[in-house]
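The values are calculated or read from the model by the stated rules, or taken from the named source; none is laboratory data. Here the structure is a predicted model, which is why all the values come from computation and not from measurement. Reconstructed Cβ throughout: ideal geometry from the backbone, glycine too, with neighbour counts over all protein chains shown. Quick note on the areas: whole protein, heavy atoms, side chains included, nothing else; ligands and nucleic acids left out. Shrake-Rupley method; radii C 1.70, N 1.55, O 1.52, S 1.80 Å.
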Amino acid sequence: MKSKLPDRKAAARRAALRALAKAKRTADKAGVTLSEWEDEFLGSVAERVKTYGRAFGDPEKGDPNAPLSVMQAVKLKQIAAKATGEKPDRGAKSRRGFRPRPARQIDTEIEE
């Protein structure tokens, strides 16, 4: 008897719902007060994922098979970091760019 392959969309949807619930639960346990917007975000995104299977409609905002758009995933990660007390990820601002090379000494004496 052949077994069915796991449904990847359903697995991604369950993972997103778990991540949303975990962020809320972690904030409650740690005593971190989420802003009204963050609380509304977690609730509305979870509701849309439950109802529609994903939380965004525009295909340009993320993978059509993903339950969260790219920006929603970033915001969820930021809320989870706030709930655990980590410093927020500032991305490219914390990285150092290229450093200029030290100037080379050029010998200006000409031999005759």
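For the reader, a short list of remarks on this structure follows.
- Failed criterion for V32 (all others in (1) of a type in the set (A, V, I, L, M, F, W, C); (2) over 15 Å from K82 (Cβ atoms); (3) touching a residue at least 40 places away in the same chain (Cβ under 8 Å); (4) open to solvent by 40 Å² or more (accessible area, probe 1.4 Å) hold): (2)
- Scanning the stretch 1-14 for residues being surrounded by 13 or more Cβ atoms within 10 Å (Cβ to Cβ) and touching a residue at least 12 places away in the same chain (Cβ under 8 Å) gives a total of 3.
- Meets criteria (of a type in the set (D, E) and open to solvent by less than 90 Å² (accessible area, probe 1.4 Å)) for D39: yes
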